[in-house]
Amino acid sequence: MPPSYLLLCAAAIWAGAQNALAGGGSFVTLPALMFTGLDARTANITSTLALFPGQVSAGVLGRRDAQGVEGMSLRTLILVSIAGGMAGAVLLLATPAGAFAKLAPFLVLFATGVFFWGNFLRKPAVAGRRALGPRASLAAQFAVGVYGGYYGGGNGFLMLALLSLTGQAVKTAGATKNLVVALINGAAVLLFLFTPGLDWIRIGVVAAGALVGGWGGVWLLRRIDERWLKIGIVVLGMALAAGLFLRAG
C-alpha cells in the first residue's frame, strides 16, 4: 500500500473514532485528503462520500427515537432536509475549485466555532421550551440542509441547536439529528457519485478506516477523557483554517 494510503487509513481511523466520541471527524479527513494531493473541493466531496456509511449506521441505530417537532412531522423534517442537502450539493458542484479553495478556510473557521460552541458554551436544552415557530423551524432546517450538502462540518451541532430551540429533549434531538444528518449527506452523495475524476481507492480506504475507527470509538467511549478529544478537534480546526488561509493567499 502506498504511504499516502497508509496516512489516509490512519487519519480515517482517527476520524471514525472522533465521530463516535465527540464528532468532528471531517476535520481530520479533509486535511489528510488535501495532503495527499486533492484540492479543497475534491477533498470535501471525497470526505463526504467516505464518511457516509458510518453516518448511515448511526442514523439507522437511533431511528426509532427520532421524532418531528411541533408543527412539523418527522416526514416533513426529512423532506425539507433532503431538499436542502441536494441544493447545497448542487451549489458545491457549481462552485469552481479555485473559488472553493478561497471559501474553505472561512467554512472551517465557522465549523470550528460551531463545534466549540456546541461542546463548551451551549447551555443544556430544556425539554418542552420552544423558541422557534413552525415556519421559522422549516426555513432554518432548509438552511441547515443547504449547509450540510455544501460543506457539512459542524452540521450536527447546528442541527442539535435547532432541534433544541424547537423544544425537543436532548436524547430525542440526538437521535433525530443522526437520522436527518445522514439523509442530508445521502442527498449530497447521490449527486457526488456522478462527479468525474473521483478516486474510489481513496474513498474506499477512508470509508474502511472510518468504520473501524467508529467501532474503536465506541469501545473507547468509556475509557478516555472526551474533553481532551474535543479540545484537540478545536485546535486542529484552527490550525487547518490557518493553513487554508495561507494556502489560499
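The values are calculated or read from the model by the stated rules, or taken from the named source; none is laboratory data. The model shown is predicted, which means the values in this text are computed figures rather than measured ones. Neighbour counts are summed over all protein chains in view; Cβ atoms, including those assigned to glycine, are modelled from backbone coordinates with ideal geometry.
Annotations for the structure displayed:
Each row is one residue, and each column tells you yes or no for (1) in contact (Cβ under 8 Å) with a residue 24 or more places away in the chain; (2) surrounded by fewer than 21 Cβ atoms within 10 Å (Cβ to Cβ); (3) within 27 Å of Gly118 (Cα to Cα).
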{"position": "Ser4", "(1), (2), (3)": "yes, yes, no"}
{"position": "Leu8", "(1), (2), (3)": "yes, no, no"}
{"position": "Ala11", "(1), (2), (3)": "yes, no, yes"}
{"position": "Gln18", "(1), (2), (3)": "yes, no, yes"}
{"position": "Gly24", "(1), (2), (3)": "yes, no, yes"}
{"position": "Thr29", "(1), (2), (3)": "yes, no, yes"}
{"position": "Leu33", "(1), (2), (3)": "yes, no, yes"}
{"position": "Ile45", "(1), (2), (3)": "yes, no, yes"}
{"position": "Leu49", "(1), (2), (3)": "yes, no, yes"}
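- Across region 76-96, the number of residues qualifying as farther than 17 Å from Val144 by Cβ, part of a helix (DSSP H, G or I) and either over 20 Å from the mean Cα position of the chain (by Cα) or without any contact (Cβ under 8 Å) to a residue 12 or more places away in the chain (or both) comes to 1.
- Selected residue [hydrophobic (A, V, I, L, M, F, W, C), in a helix (DSSP H, G or I), crowded, with 18+ Cβ neighbours inside 10 Å and at pLDDT below 85] from Ala173, Ala125, Ala182: Ala173
- Pairing each residue of region 151-178 that is more than 18 Å from Gln55 (Cβ to Cβ) with any residue that is charged (D, E, K, R), provided the two are 6+ apart or on different chains, yields C-beta distances under 7 Å for Ala161/Arg122; Thr166/Glu70; Thr166/Arg130; Gly167/Glu70; Gly167/Arg129; Gly167/Arg130; Lys171/Asp65; Thr172/Asp65.
- Scan of region 1-32 for residues that are over 17 Å from Ile233 (Cα atoms) and among the hydrophobic types (A, V, I, L, M, F, W, C), ordered by number: Met1, Leu6, Leu7, Leu8, Cys9
- Only residues that are over 19 Å from Met34 (Cβ atoms) and in a helix (DSSP H, G or I) were counted in region 189-212, giving 6.
- Residue check, Phe157 part of a helix (DSSP H, G or I), surrounded by 14 or more Cβ atoms within 10 Å (Cβ to Cβ) and touching a helix residue (DSSP H, G or I) at 6+ places or on another chain (Cβ under 7 Å): yes
- Qualifying residue in region 227-244 (condition: assigned to a helix (DSSP H, G or I), basic (Lys, Arg) and either surrounded by 13 or more Cβ atoms within 10 Å (Cβ to Cβ) or touching a Pro at 6+ places or on another chain (Cβ under 7 Å) (or both)): yes
- When each of Ser57, Ser73 is tested for being surrounded by fewer than 24 Cβ atoms within 10 Å (Cβ to Cβ) and without any contact (Cβ under 8 Å) to a residue 40 or more places away in the chain, the lone residue that passes is Ser73.
A quick yes/no check of all residues on (1) modelled with pLDDT of 85 or more; (2) of a type in the set (D, E, K, R); (3) touching a Ser or Thr at 6+ places or on another chain (Cβ under 9 Å):
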residue: Thr36; (1), (2), (3): yes, no, yes
residue: Ser57; (1), (2), (3): no, no, no
residue: Arg63; (1), (2), (3): no, yes, no
residue: Leu74; (1), (2), (3): yes, no, yes
residue: Gly85; (1), (2), (3): yes, no, no
residue: Gly88; (1), (2), (3): yes, no, no
residue: Lys102; (1), (2), (3): yes, yes, no
residue: Phe115; (1), (2), (3): no, no, no
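- Counting only helices (runs of 4 or more DSSP H) that sit completely within region 1-62, those holding 3 or more residues that are closer than 13 Å to Ile201 by Cα correspond to 3-21, 40-61.
- Some residue of region 140-151 being crowded, with 18+ Cβ neighbours inside 10 Å, part of a loop (DSSP other than H, G, I, E, B) and within 14 Å of the chain's Cα centre (by Cα): yes
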